[in-house]
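One structure below.
What follows draws every value from the coordinates through simple rules; no lab data is involved. Worth saying up front: this structure is predicted, and the values here are computed from it rather than measured. Counting neighbours? That spans all protein chains shown, and the Cβs are built from the backbone with ideal geometry, glycine included.
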Amino acid sequence: MVAILPPTTAQAPVVEQLLDHGFGPNRQNKTSYRFRDGVAPIQSLARVAVSGEAVVGTIQYWPMRLGRESVLLLGPLAVWIGWANQGIGGALMATSLSAALTEGWQHVFLVGDLAYYTRFGFEPSSPWGVTMADEQQHRLLGRCLGDAPPPQPGELQPMRANSAATASAPAPASVTTSAFFK
Ligand SMILES: CC(C)(COP(=O)(O)OP(=O)(O)OC[C@H]1O[C@@H](n2cnc3c(N)ncnc32)[C@H](O)[C@@H]1OP(=O)(O)O)[C@@H](O)C(=O)NCCC(=O)NCCS
């Protein structure tokens, strides 16, 4: 049986191995990693998929800025190839997005394949006028959580440590968990 849990500190090395396996050892050259440089991941939203002692999947989130709003950068998401197509990626997505909704986050963005992420309510960000510099715009996807209105147009910016915005979750929005799956 696979359980979806918050990661422990001891699991950090195997999570890194899993990410190298999923994205290759040069993954840190990706544009989205510029948004992670010097910024702590949001510990409360990270999850691992665990079978016995083995970590078989991982998902993490980072904070970014969109204008004055703190928004989420979803990813990386990875599942060991031997465990693929068993719903583990979907379970990691659903569990962590539900936690993000509970924390009051309103907008989540990621760089990935629409063909995979559309099932989780993600759509292209370009119609909203939301962009990420140096990234293929058709791969920049986003979704509103709960009853959140569409995001304001603008260019996503890294959440630097000296930024005026904070990395903590925004004040809880007046949304219900049932509003999560639209
Ligand atoms: C993408 C990934 C996380 C999916 O994990 P998973 O546990 O196999 O996902 P699920 O079991 O929830 O879903 C499997 C379904 O997603 C589909 N799928 C997987 N990757 C896909 C992709 N890139 N595009 C479209 N569909 C995809 C599978 O074909 C399968 O379809 P089906 O339900 O119609 O059979 C995993 O394949 C992975 O780690 N890939 C390498 C890293 C990566 O690409 N991460 C995502 C960044 S875009």
Relative to the longest principal axis of the C-alpha atoms of the chain, give the angle of the C-alpha long axis of helix 88-103, reported between 0 and 90° and rounded to the nearest 10°. 40 degrees
Estimated 222 nm signal from helices in the chain, with DSSP H stretches of n ≥ 4 weighted -39500 (n - 2.57), rounded to 500: -5500 deg cm²/dmol
Choose one of Trp105, Val79, Gln17: the residue whose Cα lies farthest towards the positive end of the charge dipole of the chain (beta-carbon charges +1 Lys, Arg; -1 Asp, Glu; about the Cα centre). Trp105
How far, in degrees from 0 to 90, does helix 12-23 lean away from the longest principal axis of the Cα atoms of the chain, to the nearest 10? 80 degrees
Under 10 Å, Cα contacts only: if you run a Gaussian network model on the chain, which one of Arg68, Arg27, Arg36 comes out with the highest mean-square fluctuation? Arg68
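Can you tell me how much longer the chain between Glu69 and Ala133 gets when fully stretched, taken as 0.36 nm per residue apart minus their C-alpha distance, in nm with one decimal?
Stretched out fully, the Glu69 to Ala133 stretch lengthens by 21.3 nm.
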Counted neighbours (other Cβ, 10 Å), sorted fewest up, put Ser96, Ser51 in the order Ser51, Ser96
Using 5 Å bins from zero, what percent of all Cα-Cα pairs in the chain falls into each bin? 1, 8, 17, 21, 23, 17, 10, 3, 1
Taking other Cβ within 10 Å of each residue's Cβ, how do His107, His138, His21 sort, fewest first? His138, His21, His107
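Could you work out the relative contact order of the range 12-164, using alpha carbon pairs under 8 angstrom and six or more residues apart, expressed as a whole percent? Don't jump to the answer; show the numbers that get you there.
On the way: 250 pairs, mean separation 35.2, N = 153.
With pairs under 8 Å counted, the relative contact order is 23 percent.
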Answer in debye to the nearest 20: the dipole magnitude of the range 12-134 about its Cα centre, from +1 Lys/Arg and -1 Asp/Glu charges placed on Cβ, is 160 debye
